[in-house]
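Report on one structure; see the data block that follows.
The values are calculated or read from the model by the stated rules, or taken from the named source; none is laboratory data. Remember, predicted model here, so these are calculated numbers, not experimental data. With ideal geometry, Cβ positions are generated from the backbone for all residues, glycine too; neighbour counts draw on all protein chains shown.
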Amino acid sequence: MKATNNLLITESLIDGKWISGKKTFDVNNPANGKTVAKVADLTVSEAKQAIKAANIAWKKWKDTTAAERADLLYAWYSLIIQNKDQIAEIMTLECGKPITESYNEITYGASFISWFSEEGKRSYGDTIPSSNPTNRIVTIKQGIGVVAAITPWNFPLAMITRKVAPALAAGCTVVLRPASETPLTALALGKLAQEAGFPKGVLNIITGKDSSGIGKELSTNPLVRKISFTGSTKVGRILMSQAADTIKKVSLELGGNAPFIVFDNANIDEAVKGALIAKFRNSGQTCVAANRFLIQDSIFEEFTKKLTIAVSKLKTGDGLKKDVQVGPLINKSGLEKVQEHLKDATEGGAKIQIGGHVIKDLFFEPTVLSDVSTQSLIAREETFGPVVSLFRFKNEKEAIELANNTEFGLAAYFYSQDIHRCWRVAEQIESGMVGINTGMVSTASAPFGGIKQSGIGREGSKHGLDEFMEIKYLSFGGN
Ligand code: SIN
């Protein structure tokens, strides 16, 4: 198969047709503010149509076999890989991330499709011994129905495939609402899904600026059986409460405030490498980004010095340039949040080791702050930017207390070479994912998700499929 000619699509996809709508909105490149494309600005009434189409398509799609669905998913996966150059460019243009990161995201995001194309074939039920000698008990798993997926701008491809692939593999149909900052990657995926041969109405994509109106429709329409959302805890709360009226199944992947602990017996050079990954991926704009670096007193100076040197070598700029490692922030409000956190931290006594300024427009210097107060904003909220904030601790007990002192519980990281400590700390940390001597936890084969106010449910792994399935119990009597 050859690469597809033009993947810069600006229309929405409903019931197999490309829809322009009455208005358009601009998608801008955060690296230079230029308009990349004008995209269909659809409304609640088109969202309703998409849900209807998905519901009609579901009646047939649910009766296809897992193997038939796997073939289509695998064809979709292959097309994404064949078209990775075009998709990577579109992704960098609309969200600003360095092009090497866009390529990485394509590999990562596509891996959810290949993973779930296989996993769908293994959605086993149980046979259960019955206490009644004449009865037999069996369970089967079935796709839940129409799924609404609402996805963020920071991973314009992977956050879609992590939801849509398991939903389709399970026999569900989907209405996807991608972030209005990054609809172009989503529409390219839609075009390739069509090319792969998915029947009309199985995957629908609604682009539009009216995020609260479309979100309300997706979370309240009775035909939608499940809503899966990645984004802020604030919006997650709203969607969850809206979904309550029709008792929808809900999966939420929300904000984080990840601790990154370095103990005195850590390999400091490895911890510095891990810190760069955990902090600077996508310019710090990830929910799993390390937000609070907790460093043991006796190694604080050494770690700070080594990390500051490493950060000084990071190259910031337009993500389309090959050697750039840190791109712009997504928009003005993202930049303002970083500035507000920095101001608050320095007013509270934090010292700037490096960085601390806007370079130009939405570009912010990779920054290291030391001796940050635990009372600062940065300690409580995710900064979502290229700022490392270093806090001190004295012993393991204090480190765990500080790490858990947040309403969030998505990812956590720590470095130690003591295996007993590794188990102890990993078990006591309150988060859905723990990186031990690594700054990266994301992979299709592992369950991604949070506890506390970081979310509900898991994506990826064998558990990611169950989120889109119901267990039906069959009781056979009179044997
Ligand atoms: C996120 O944290 O925003 C997603 C990151 C990932 O899947 O690695």
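Between I90, I81, I137, the distinction of being part of a strand (DSSP E or B) and either touching a residue at least 40 places away in the same chain (Cβ under 8 Å) or more than 18 Å from the chain's Cα centre (by Cα) (or both) belongs to I137 only. Of all residues in segment 232-253, those that are under 20 Å from L410 (Cα atoms) and either of a type in the set (S, T, Y) or touching a Cys at 6+ places or on another chain (Cβ under 9 Å) (or both) total 4.
For (1) outside any helix (DSSP H, G or I); (2) surrounded by fewer than 18 Cβ atoms within 10 Å (Cβ to Cβ); (3) of a type in the set (G, A, S); (4) touching a residue at least 40 places away in the same chain (Cβ under 8 Å), each residue gets a yes or a no:
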residue	(1), (2), (3), (4)
S298	no, yes, yes, no
G334	no, no, yes, yes
V338	no, no, no, yes
G349	yes, yes, yes, no
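If only one of F155, F198 is aromatic (F, W, Y), outside any helix (DSSP H, G or I), away from the ligand (no atom under 14 Å from the Cβ) and not assigned by TED's automatic domain parsing to the domain that holds G319, which one is it?
On the way: F155 fails: away from the ligand (no atom under 14 Å from the Cβ).
Just a single option satisfies the conditions, and that option is F198.
So which of I227, I214 is more than 16 Å from the ligand (Cβ to nearest atom), in contact with a helix residue (DSSP H, G or I) (Cβ under 6 Å, 6 or more places away or on another chain) and not in a helix (DSSP H, G or I)?
Details: I214 fails: not in a helix (DSSP H, G or I).
One residue alone meets the criteria, I227.
Condition check: crowded, with 24+ Cβ neighbours inside 10 Å and in the same structural domain as I80 (by TED's automatic domain parsing). Does L192 satisfy that? So L192 fails the test.
Can you name the residue in segment 1-45 that is touching a Pro at 6+ places or on another chain (Cβ under 8 Å) and either more than 16 Å from A188 (Cβ to Cβ) or of a type in the set (D, E, K, R) (or both) and, of all such residues, is surrounded by the most Cβ atoms within 10 Å (Cβ to Cβ)? Ranking the qualifying residues of segment 1-45, first place goes to P30. Once segment 267-296 is narrowed to residues that are more than 16 Å from the ligand (Cβ to nearest atom) and polar (S, T, N, Q), the residue that is surrounded by the fewest Cβ atoms within 10 Å (Cβ to Cβ) is N267. The single condition from (1) crowded, with 23+ Cβ neighbours inside 10 Å; (2) in contact with a strand residue (DSSP E or B) (Cβ under 7 Å, 6 or more places away or on another chain) that D264 fails is (1). A single member of A167, A149 is more than 16 Å from the ligand (Cβ to nearest atom) and either in contact with a Lys or Arg (Cβ under 7 Å, 6 or more places away or on another chain) or small (G, A, S) (or both), and it is A167. For segment 460-478, state whether one or more residues are more than 24 Å from L252 (Cα to Cα) and either touching a Pro at 6+ places or on another chain (Cβ under 9 Å) or within 16 Å of the ligand (Cβ to nearest atom) (or both). No; the residues of segment 460-478 include none that is more than 24 Å from L252 (Cα to Cα) and either touching a Pro at 6+ places or on another chain (Cβ under 9 Å) or within 16 Å of the ligand (Cβ to nearest atom) (or both). Scanning segment 233-287 for residues that are among the aliphatic types (A, V, I, L, M) and farther than 30 Å from G145 by Cα gives A258, I261, V262, A266, I268, A271, V272, A275, L276, I277, A278. Flag: V164 does not match the condition of being modelled with pLDDT of 95 or more, part of a strand (DSSP E or B) and closer than 22 Å to G197 by Cα. For A165, the criteria (1) over 28 Å from L474 (Cα atoms); (2) buried (at least 24 other Cβ atoms within 10 Å of the Cβ) hold in every case but one, which is (1).
Listed by position, the helices (runs of 4 or more DSSP H) inside segment 371-441 whose residues that are more than 25 Å from the chain's Cα centre (by Cα), at pLDDT 95 or above and away from the ligand (no atom under 16 Å from the Cβ) number at least 1 are 396-404, 419-428. Mind checking whether some residue in segment 67-76 is among the hydroxyl-bearing types (S, T, Y), crowded, with 17+ Cβ neighbours inside 10 Å and in a helix (DSSP H, G or I)? Looking for residues that are among the hydroxyl-bearing types (S, T, Y), crowded, with 17+ Cβ neighbours inside 10 Å and in a helix (DSSP H, G or I), one finds none in segment 67-76, hence no.
Tell me whether segment 146-161 contains one or more residues that are farther than 29 Å from S333 by Cα and buried (at least 24 other Cβ atoms within 10 Å of the Cβ). Reasoning before the result, please.
Here is the first cut: in segment 146-161, the residues farther than 29 Å from S333 by Cα are 146-147.
If we keep only those that are buried (at least 24 other Cβ atoms within 10 Å of the Cβ) as well, we get 146-147.
For segment 146-161, residues farther than 29 Å from S333 by Cα and buried (at least 24 other Cβ atoms within 10 Å of the Cβ): present.
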